[in-house]
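Notes follow once the structure below has been shown.
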Amino acid sequence: MTHPQELGLAAQARAIARGDLDGSELLDATLERIEERNPQLNAIIATFPAHSRQMLADAPRGPLYGVPITVKDMFGLPWRGFHNGTRRELGPRVLSGPVRRLVEAGAVVAAVENQHELGMGTTGLASPHGPARNPVNLEHCPGGSSSGSASAVGGHLVAGALGSDSGGSTRLPAGWSGVLGLKVTYGAVPYDGYSGANSSLSAPGVFARDSADARLLTQALLARGLPAGDGGALRVGIVRTPFWEDLDPEVAATCEAALGTFADIREIALKSAALSTPAGAVRVGVELAALVPDGVIDDVAPTTRALFQFAALHPALRLIRADRVRAAVRRELVAAFTEVDVIAWPTNPAPAPPLSAPVLALPSGAALPDGPNLRQAVIANLAGVPGISIPVGLHSSGLPIGLQLLAPWGHETVLLDAADHLSADDEPPPASR
Amino acid sequence: MTEFAVVARAMLADAGLPCTSDDLQLLTVVAQVLGPGLAALDAIDVRLFAPEHDLDPARAPR
């Protein structure tokens, strides 16, 4: 008999609604699956079966009724405040706003996920629990900071997960781990109990293995319907500079091929886009560092500590400059979205590097991942617009390649339409187990 | 000690943040990685970049 976690989120929900699958049996099977596979994936840092069973008993008969999900360590639960990838409980013990939306739809929180420490990295390497692992190749980085979200969904521990995205932290791990990751529009959900609540960049993001599941989960998160449209008919803008520069050639070619399936693609320019990387680096660093309580820096990994310290070195004038660039980028995006429905480029500049040597091989030479990854992602956080990473193929190394699309504020549905279109003929990448 | 290290140590001390020699080595790497981009940002003519006084990332600019 097929394990229920080999089903997608929508299939699980349908099976429960029809009476073909019992919610308690699904939860037990999920917890057993976590126990069996997590020692390899290290995607999960906490389970709480009694709380999960009570949540199931109290679950409303919504569209996600009885479906187990996992959540990032940036979201509070009534029995566990968020730790944000540290050993300390940093948030209140409350059902955080984004998780509440999913619970109100009937979902059951089965576990809390591993993540990159304090959200300050794109690899997943820095974690007091050790790094989560890439579900396609356990020796490689899953991406971050929502490393456990991508690993848990790609590794079939659960069919859906809730992560977050302050500088690409949903889209980047989704791209490296071969799953869909969708960052919603900034402020589209209640932020209480969420570590991103004081950020002007952070937004929750959903992880799923296919576009139908991503749509179901996003609808629940946004508490509104997202009716499907014709993804193939979308007008797609390709922004070459800087997002298609210095890429692994196979990544570029695979993403180009995927975009070639759309009927209307055209090149557009965003004049200030190249400055979005330093502007985003300043904003991300300063905002994340400002939220770290006193004393936490003494316990974190040396690389996290260095990023925290570096953020303290920015002169105030630089923040003003960053915000002027942010304003320019937002205006340029508004203009772009009068011409096209979505804009597109590769999610990550190169496939996931090995955990043992986390360096990207780019045409310009070897590079630490955070800078090039941030370049691809942070413009969406500066602007506040939604974005998605969609698996579009495999590199010759066997690692996944993701295509990123951004849409106007509140237009998550067109990103899902594009995902429907792109995934129509595709097989998902194989999980490592 | 490099000029960057001297400045970094002094600024962090002024902010009441600890900074070891190991920290300085990693900070130097971070500065090397982010430096060119930050230099480009520092070089912009702010007068050419209009502010958005009611910037709200939840919606498009008015």
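Each reported figure results from applying straightforward, stated rules to the coordinates on display, with no laboratory input. These figures come from a predicted structure and were not determined experimentally. Please note: Cβ atoms are built from the backbone with ideal geometry, for glycine as well, and neighbour counts cover all protein chains shown.
Looking at the range A:16-117, the strands (runs of 3 or more DSSP E) lying wholly inside it that each contain 1 or more residues that are among the acidic types (Asp, Glu) and surrounded by 20 or more Cβ atoms within 10 Å (Cβ to Cβ) sit at A:108-113. Restricting attention to the range B:32-42, does a residue exist that is aliphatic (A, V, I, L, M), at the interface with another protein chain (Cβ under 7 Å from one of its Cβ atoms) and under 13 Å from A:LEU307 (Cα atoms)? Yes, some residue in the range B:32-42 is aliphatic (A, V, I, L, M), at the interface with another protein chain (Cβ under 7 Å from one of its Cβ atoms) and under 13 Å from A:LEU307 (Cα atoms). Within the range B:34-62, the only residue that satisfies the criterion of being under 17 Å from A:GLY280 (Cβ atoms) and among the β-branched types (Val, Ile, Thr) is B:ILE44.
Here A:LYS183 meets each of (1) in contact with an Asp or Glu (Cβ under 7 Å, 6 or more places away or on another chain); (2) surrounded by fewer than 24 Cβ atoms within 10 Å (Cβ to Cβ); (3) within 14 Å of chain B (Cβ to nearest Cβ) with one exception, condition (2).
Looking at A:VAL292, is it touching a residue at least 60 places away in the same chain (Cβ under 8 Å), in contact with a Phe, Trp or Tyr (Cβ under 7 Å, 6 or more places away or on another chain) and either small (Gly, Ala, Ser) or within 14 Å of chain B (Cβ to nearest Cβ) (or both)? So that I can check it myself, show each step before the final result.
Working: touching a residue at least 60 places away in the same chain (Cβ under 8 Å): yes; in contact with a Phe, Trp or Tyr (Cβ under 7 Å, 6 or more places away or on another chain): yes; either small (Gly, Ala, Ser) or within 14 Å of chain B (Cβ to nearest Cβ) (or both): yes.
Considered against the rule, which asks whether it is touching a residue at least 60 places away in the same chain (Cβ under 8 Å), in contact with a Phe, Trp or Tyr (Cβ under 7 Å, 6 or more places away or on another chain) and either small (Gly, Ala, Ser) or within 14 Å of chain B (Cβ to nearest Cβ) (or both), A:VAL292 comes out as yes.
Exactly one residue out of B:ALA8, B:ALA50 is in a loop (DSSP other than H, G, I, E, B), surrounded by 11 or more Cβ atoms within 10 Å (Cβ to Cβ) and either within 7 Å of chain A (Cβ to nearest Cβ) or among the polar types (S, T, N, Q) (or both): that is B:ALA50. Among the residues of the range A:251-280, those that are of a type in the set (A, V, I, L, M) and either surrounded by 15 or more Cβ atoms within 10 Å (Cβ to Cβ) or within 12 Å of another protein chain (Cβ to nearest Cβ) (or both) comprise A:VAL251, A:ALA252, A:ALA258, A:LEU259, A:ILE265, A:ILE268, A:LEU270, A:ALA273, A:ALA274, A:LEU275, A:ALA279. The condition of being over 26 Å from A:ASN84 (Cα atoms), surrounded by 16 or more Cβ atoms within 10 Å (Cβ to Cβ), of a type in the set (D, E, K, R) and within 12 Å of chain B (Cβ to nearest Cβ) holds for only one of A:ARG305, A:ARG321, A:ARG283, that being A:ARG321.
Filter the range A:375-406 for residues that are within 18 Å of A:GLY124 (Cα to Cα) and under 13 Å from the mean Cα position of the chain (by Cα) and give the result.
Looking only at the range A:375-406, we keep the residues that are within 18 Å of A:GLY124 (Cα to Cα), and these are A:375-378, A:389, A:399-402.
Listed by number, the residues that qualify are A:ALA377, A:VAL378, A:SER389, A:GLY402.
Taking the conditions (1) assigned to a helix (DSSP H, G or I); (2) surrounded by fewer than 23 Cβ atoms within 10 Å (Cβ to Cβ); (3) within 14 Å of chain B (Cβ to nearest Cβ); (4) among the aliphatic types (A, V, I, L, M) in turn, A:ALA380 satisfies each one other than (2). Residues that are part of a strand (DSSP E or B), more than 10 Å from chain B (Cβ to nearest Cβ) and more than 19 Å from A:GLN404 (Cα to Cα) do occur in the range A:340-355, at least one of them.
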